[in-house]
Amino acid sequence: MKLKIDKEWLDRKLAQADDAQAAAGGTSFDDLKKNVERRIVTPSVIAAAQSELGKVVRFVREKKSMSRRELADLATLSDEEIEAIETRRDYMPSLRAIIYLADALELSRDRLKELSGYVTRNSNATEHSSEYKFAANSKPVDTVSDEEYEAIRALVEVLSEKK
Amino acid sequence: MTRQKVLLRHVESGGVVDADLIDRIDLVIAKRAEDGWQTYLATARAEALAAKRPFPDLEHDHWEWERKVSITHRLLPYPTLGIECEGQVQGLMLLETDGHFARIATQAGSPVVYVNLLATAPWNLPAVTDPPRYRGVGTVLLAAATTLSVDLGFKGRLGLHSLPRSEDWYERLGLTNLGSDSNKQNLKYYELTPDQAQNLIR
């Protein structure tokens, strides 16, 4: 980008429009962070995962720029297990796998266990867990809606709170 | 990070001074801006309080440049531009070059360079400092962003949300006002067409 600025140009532009109040956007750090996240973890990436657990794992893995192999190594799980968690709808990982995954992705163990169905739910727990629920896809789609994307992002945030 | 020479107007003397236009600022410059601007603003506030003068309500002073640059500086679609003069950061701009599309009917759907943030140092704001130090910071940054849009093949197309007090400036420069945007705190959205871009750079 080459710009040619001389005194004549500057004088003329400032005479046309005084830039004493020049400002735009005012975007907050949190909004910018969401914006950046959306580029790294695109809605179509999220659509590829078939379960809530799969979407969460894929979201956090992409955010940390990890490959499946890298996550598998970090969590001492096999590549096949990570792939199954991320892509299969009815795959039920072992409790050990959930705990290793939670540690590797810096998520709350208890909350990830609950998301995966490992916590015995009494009536209160069921009510509590409803905040984790969102419309699951019945068939594979290319992308997810803004609402679904936001729901996954919010879910990841809840799971990230260390408890 | 590259630098090129530009000019700013020194308000008090009425003359022009040499300045650097920086293409892609790094974390060092972002930190220098954040520290310099916050310290200046806090000092000005304290002085106003001591002198029992009212202090203006700024539309935007939670810049957080260091944090914002830290999450974007490695990403290609977030170029930044800055102006430095006499060792101080005079103004900064954060752009997005991907994922934003024109809204004016004649160019709807074509990619635009989107101005995510544009701010000048508080000592260049007449409400804070009288007289302000430099003029031309916003003008040079906007012309640079428009030139970048031309370089990218976007023909100068540019979009932005103006803060309320800046609307007059954008309108005088010939940007098209597309009205309040409920998705962006009801800020007015402005856009530049290729013709308007040529007039702005010329």
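The values are calculated or read from the model by the stated rules, or taken from the named source; none is laboratory data. Values in this document were obtained by computation on a predicted structure and should not be read as measured data. Cβ sites come from the backbone with ideal geometry, for glycine too, and all protein chains shown count toward neighbours.
When residues in the range B:24-39 are screened for being surrounded by 15 or more Cβ atoms within 10 Å (Cβ to Cβ) and in a helix (DSSP H, G or I), 9 of them pass.
Quick check: is even one residue across the range A:26-46 surrounded by 16 or more Cβ atoms within 10 Å (Cβ to Cβ) and under 30 Å from B:ASN199 (Cα atoms)? Yes, the range A:26-46 contains a residue that is surrounded by 16 or more Cβ atoms within 10 Å (Cβ to Cβ) and under 30 Å from B:ASN199 (Cα atoms).
Checking B:LEU58, B:LEU117 one by one, the residue that is among the aliphatic types (A, V, I, L, M), under 17 Å from the mean Cα position of the chain (by Cα) and buried (at least 21 other Cβ atoms within 10 Å of the Cβ) is B:LEU117 and no other.
Does B:THR106 count as farther than 19 Å from B:ILE201 by Cα, outside any loop (DSSP other than H, G, I, E, B) and in contact (Cβ under 8 Å) with a residue 60 or more places away in the chain? Please lay out each step first, then the result.
Working: farther than 19 Å from B:ILE201 by Cα: yes; outside any loop (DSSP other than H, G, I, E, B): yes; in contact (Cβ under 8 Å) with a residue 60 or more places away in the chain: yes.
Spelling it out, B:THR106 is indeed farther than 19 Å from B:ILE201 by Cα, outside any loop (DSSP other than H, G, I, E, B) and in contact (Cβ under 8 Å) with a residue 60 or more places away in the chain.
The sole residue among B:LEU200, B:LEU192, B:LEU173, B:LEU178 that is at pLDDT 95 or above, within 26 Å of B:ASP57 (Cα to Cα) and of a type in the set (A, V, I, L, M, F, W, C) is B:LEU173.
Among the residues of the range A:96-114, those that are more than 12 Å from A:SER160 (Cα to Cα) and not hydrophobic (A, V, I, L, M, F, W, C) comprise A:ARG96, A:TYR100, A:LYS113, A:GLU114.
Let's see how each residue does on (1) of a type in the set (Asp, Glu); (2) crowded, with 22+ Cβ neighbours inside 10 Å; (3) touching a Leu at 6+ places or on another chain (Cβ under 8 Å):
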residue	(1), (2), (3)
B:VAL137	no, yes, yes
B:ALA143	no, yes, yes
B:LEU148	no, no, yes
B:GLY153	no, no, no
B:LEU158	no, yes, yes
B:HIS161	no, yes, yes
B:ARG165	no, no, no
B:LEU173	no, yes, yes
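Every condition in (1) at the interface with chain A (Cβ under 9 Å from one of its Cβ atoms); (2) closer than 23 Å to B:ARG45 by Cα; (3) not in a loop (DSSP other than H, G, I, E, B) is met by B:VAL89 except one, and the failing one is (1). For the range B:101-146, enumerate the residues that are more than 7 Å from every other protein chain (Cβ to nearest Cβ), of a type in the set (Ser, Thr, Tyr) and within 27 Å of B:VAL11 (Cα to Cα). Of everything in the range B:101-146, those that are more than 7 Å from every other protein chain (Cβ to nearest Cβ), of a type in the set (Ser, Thr, Tyr) and within 27 Å of B:VAL11 (Cα to Cα) turn out to be B:THR129, B:TYR134, B:THR146. Just one of the listed residues (B:LEU148, B:LEU158, B:LEU142) is under 13 Å from A:GLN21 (Cβ atoms), among the hydrophobic types (A, V, I, L, M, F, W, C) and out of contact with any Gly (no Cβ under 9 Å at 6 or more places or on another chain), namely B:LEU142. Highlighted here are the helices (runs of 4 or more DSSP H) found entirely within the range A:1-105 that include at least 3 residues which are within 11 Å of chain B (Cβ to nearest Cβ), within 21 Å of B:SER70 (Cα to Cα) and modelled with pLDDT of 90 or more: A:29-40. Per the listing A:ASP18, A:ASP90, A:ASP79, A:ASP73, the residue uniquely among the acidic types (Asp, Glu), within 30 Å of B:ASN199 (Cβ to Cβ) and more than 18 Å from the chain's Cα centre (by Cα) is A:ASP18. Note on the range B:5-23: residues that are exposed (fewer than 15 other Cβ atoms within 10 Å of the Cβ), within 11 Å of chain A (Cβ to nearest Cβ) and farther than 15 Å from B:GLY87 by Cβ total 3. Per the listing B:GLU66, B:GLU59, the residue uniquely closer than 25 Å to B:PRO126 by Cβ and either assigned to a helix (DSSP H, G or I) or at the interface with another protein chain (Cβ under 9 Å from one of its Cβ atoms) (or both) is B:GLU59.
Put simply, of A:PHE59, A:PHE29 the only residue that is at negative phi and over 13 Å from the mean Cα position of the chain (by Cα) is A:PHE29.
Filtered by the rule that a residue be of a type in the set (Val, Ile, Thr) and without any contact (Cβ under 8 Å) to a residue 12 or more places away in the chain, the range B:59-103 gives a lone residue, B:ILE71.
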